[in-house]
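Student: Have a look at this one before I ask anything.
What follows draws every value from the coordinates through simple rules; no lab data is involved. Everything quoted here is computed from the prediction, not taken from an experiment. A quick note on method: Cβ atoms are made from the backbone with ideal geometry, for glycine too, and the neighbour counts reach across all protein chains shown.
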Amino acid sequence: MRHSRGGGSTCSVGSGPTWGQFLQAQTDGIIACDLFHVETAFLKRIYVLFFIEHGTRLVHGAGATAYPTGSWVAQQARNVVMNPGDRAEQMRFLIRDRDAKFTGVFDEVFTSLGARAIRTPVRAPRANAIAERWVGTVRRECTARLLIYNEQHLREALTAYERHYNTHRPHQARDRRPPQPLPAAPADLNHVRLTRRQAVDGLISEDRSAA
């Protein structure tokens, strides 16, 4: 596999597809993960671990803590693989960076399912682009617009945003559909009645067809 670096150059690691070609060909079997941090109103830094499926863009928020140890990260991975149900069998590759908190125990959670853990190449800022794009999205639409008080408040906000992102927010890569498709719209659009509700502490309005 040849890894494409951020500047567009290619680093050869044997004969095979480029990193971009690999991601495109295997998209339905890839789940990626990453950590990002949020500063609270009292200047405490909290770290958030999440997973995102490349094929569906479905996000799994694993947890938030001020002390992200290797054992904590591995336990969050166990929690995640217990929830996807049948989708767990479709996981063929895990993409992660080279953070020391992603230990061998963490990788074994996925290799036990038959998946292969792949570390992103060095000096390749776009190698985990889908996960990094989600970090930018959740910051712009959620955490940067709220005063986060503590870990519990952050978890509640992220849980609400994850629900919005997975079930309502349209995605360009999915023909403007959310990761978990909504019920089909009524055939006669002239008689559709919409309801609006506020989500994520009132930050986001969601319009849905009324029953």
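Student: When ranked by the protection proxy of mean other Cβ atoms within 10 Å per residue, highest first, what sequence do the peptides 136-143, 161-168 form?
Tutor: Answer by packing, highest mean first, reads 161-168, 136-143.
Student: Placing +1 on the Cβ of each Lys and Arg and -1 on the Cβ of each Asp and Glu in the stretch 14-153, which of Gln75, Phe36, Ile95 has its Cα farthest towards the positive end of the resulting dipole?
Tutor: With unit charges placed on the Cβ atoms, the residue in question is Phe36.
Student: Order these peptides, 56-63, 39-46, by their mean beta-carbon neighbour count within 10 angstrom, highest first.
Tutor: Working: 56-63: 20.4, 39-46: 12.0.
So the peptides 56-63, 39-46, ranked by packing, come out 56-63, 39-46.
Student: What is the sum of charges, Lys and Arg at +1 and Asp and Glu at -1, for the other residues whose Cβ falls under 10 Å from the Cβ of Pro170?
Tutor: +3
Student: If you place +1 on the Cβ of every Lys and Arg, -1 on the Cβ of every Asp and Glu, and leave all else neutral, what size is the dipole of the stretch 28-83 about its Cα centre, to the nearest 20 Debye? Display every interim value, and only then the final one.
Tutor: Values: 4 positive and 4 negative charges, 41 e Å.
Roughly 200 debye, rounded to the nearest 20.
Student: May I pose another question? Points 7 angstrom from Cα along the Cβ direction at Thr167 and Ser71: gap in nanometres?
Tutor: Result for the modelled spin labels: 3.5 nm.
Student: Quick one: if you stick a label point 7 Å off each Cα along the C-beta vector at Asn83 and Arg145, how many nm between them?
Tutor: 2.2
Student: With contacts defined as alpha carbon pairs under 8 Å and 6 or more residues apart, what's the relative contact order of the stretch 2-184 in percent?
Tutor: Across the stretch 2-184, relative contact order equals 21 percent.
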